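Rule-based calculations on the coordinates, nothing more; no lab input. Note that the structure is predicted; figures quoted are calculated from it, not measured. No Cβ is skipped: glycine too gets one built from the backbone with ideal geometry, and neighbour counts run over all protein chains shown.
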Amino acid sequence: MDLINQHLIKINTTLNTKSEIFETVCKLLEADNRLLDRQLFLNDLYEREGAGATAPGYSFAIPHAKSKGVKTASLVFIHLENEIGWTKSEKVKYIFAIAVPYEEAKDEHLNILAMLARKMMNEDFRKELNAAKTKEEYYRLLTASNV
Amino acid sequence: MQKIVGVTACPAGIAHTYMAAESIEQAAKKLGYEIKMETNGASGVENRLTEKDIEEAVAVIIAADTSVEMKRFHGKPLIEVSVGEAIRKADIIMNQVKSGDIEIYQS
């Protein structure tokens, strides 16, 4: 199963809190049959946030968890109409939520995610993300293998 | 070319580890340093620093929100930051390296 598909991309959305965003992430994952236990996954997401918030700047948030509640490694992308405060100091507009099964190790999914993480630090990628308008464009950007 | 080495690690090791590595690599290259970053991620240790790497390095950067094997850096000028700082403030960290104002790490 692919890490991301167009069902896991939601654009031009208005959500106001981290918990609304996490709920939406879970809904999208469940609708695509990618979760085993929603509550377990949610707990693990919050636990990782607690260890250090996952907003590295550039209006990005990358909540992520390696969790027993996850069935299939997945990336959910949400583009918010509105910016929301992720932490006291950090506002976010682009959510890259990452769900990885607990047992998954040394998998190509992890390599793809590592590549995506590196891509986020690339200025050209960020410019293209800002310019993207349709689901197809976001999908193409998120899955392009060139950095 | 002077060489810098470093290690990045975050609790899940899925995203931030790599963002921090990329950020530091870019900042180091901008200042003309050779750079090697070890990533302690979910797929284990990648790009592991060798004894020779560490010996050659003029500075070590540890960007971690979780514990990293530190003994190997005894006696090296070393900067310790959070993963978030490495992602956001790599340029500042690199300027500190350049200024040479770094404490020597005692394990």
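A compact table of results
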quantity: Out-of-range pairs (alpha-carbon distance over 18 Å; input A:K27/A:K71; B:K29/B:K98; A:K93/B:K29; B:K52/B:K76); calculated: A:K93/B:K29
quantity: Cβ-based net charge around B:S82, under 14 Å, with every Lys or Arg adding one and every Asp or Glu removing one; calculated: -2
quantity: Counted charge near B:E69, where neighbours are those whose Cβ lies closer than 13 Å (Asp, Glu -1; Lys, Arg +1); calculated: +1
quantity: Average other protein chain Cβ within 10 Å of Cβ, residues A:37-50; calculated: 1
quantity: Potential extension, A:E128-A:T13 segment - 0.36 nm per residue separation minus Cα distance; calculated: 39.5 nm
quantity: Label-point separation in nm, A:E103 to A:M115, each point 7 Å along Cα→Cβ; calculated: 2.6
quantity: Cleavage-rule hits, trypsin sites (Lys or Arg not before Pro), the stretch A:55-122, DSSP coil, Cβ neighbours within 10 Å at most 10; calculated: A:K88, A:K106
quantity: Within the protein assembly as shown, percent of DSSP bridges classed antiparallel, to nearest 5; calculated: 35
quantity: Projected label distance in nm at B:R72 and B:I92, using a 7 Å step from Cα toward the beta-carbon; calculated: 2.9
quantity: DSSP-defined antiparallel bridges as percent of all bridges, the stretch B:3-99, nearest 5; calculated: 15
quantity: Computed helical MRE - 222 nm, the protein assembly as shown, DSSP H runs ≥ 4 contributing -39500 (n - 2.57), nearest 500; calculated: -11000 deg cm²/dmol
quantity: Inter-label distance for B:E46 and A:D37, nm, one decimal - labels placed 7 Å from Cα along Cα-to-Cβ; calculated: 2.9
